Amino acid sequence: MAEALVLIETYQTWIYLILGGAGLVYLGLTLKWIRVYRNALFGLERERAVASLSRYGAMTALVAAALMGTFFTATFLGPAVPLGVRPTPVPTVSLLSTPQNGVVGEGGTFVPATELALGTPEGVGCTNPLATLSDPKPDATLTGTVDIKGTANIANFAFYKYEFRPANSADSWQAISAGTAPIIDDQLGKWDTSLMPSGDYDFRLVVTDTSGNAPLPCVIRVHIAPSG
């Protein structure tokens, strides 16, 4: 019910336009059949005019009632719906893009977060219980296809993704996969490490909310060994 009220409030302009157009059409037909009734000379003509007048008059009254109902809903009932019941808009974002980390300062200026130190990635951001990795563990040696486990369940959750880059490098993070359903201490996805050259890598989980913001990612160091 609350969703219907919010929907009417949101699209009230279009509803007014559609109902107003329909009302003008039915009102015009009603006036036409009133004239036909007044000018009718025979009983059969009068009966036909009365039937049409009743039909179009009823439709005109129905449209008028719908207009009044829309006005009442959009003006009084819709705004009274609590914010917690209203659906949260999800922006169109790329799941595999890297969001900015930081806060909005005075005057609406975005202040970016401090870049992570290249030499100390392990455990950064992993203390947040709502956006953290549980598997693989820091300094784990990975081979073949690995299960990625953890929690991605921040407030106003939108999506999560996990990424990698060579250890101690300034290279861009490369996305492996993403998900749009919140996860609590369960499997986030998989990573086929057999496609990767052996070596040390930084691996991180990024969890983003519906405003496009993300808490500090959970970053760990892992070692990929040759398969077989």
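For this structure, a couple of remarks:
- Complete set of residues in the stretch 136-173 that are among the charged types (D, E, K, R), in contact with a strand residue (DSSP E or B) (Cβ under 7 Å, 6 or more places away or on another chain), in contact (Cβ under 8 Å) with a residue 12 or more places away in the chain and loosely packed, with under 14 Cβ neighbours inside 10 Å: 139, 147
- In the stretch 173-215, residue nearest to the chain's Cα centre (by Cα) [restricted to those that are of a type in the set (Ser, Thr, Tyr) and over 18 Å from residue 151 (Cα atoms)]: 211
- Residue that is touching an Asp or Glu at 6+ places or on another chain (Cβ under 8 Å) and either at pLDDT below 90 or under 27 Å from residue 161 (Cα atoms) (or both), where the choices are 107, 78, 84: 78
The values are calculated or read from the model by the stated rules, or taken from the named source; none is laboratory data. For clarity, every value in this text was computed on a predicted model and none was experimentally measured. Positions of Cβ are generated from backbone atoms using ideal geometry, with glycine treated the same way; all protein chains shown enter the neighbour counts.
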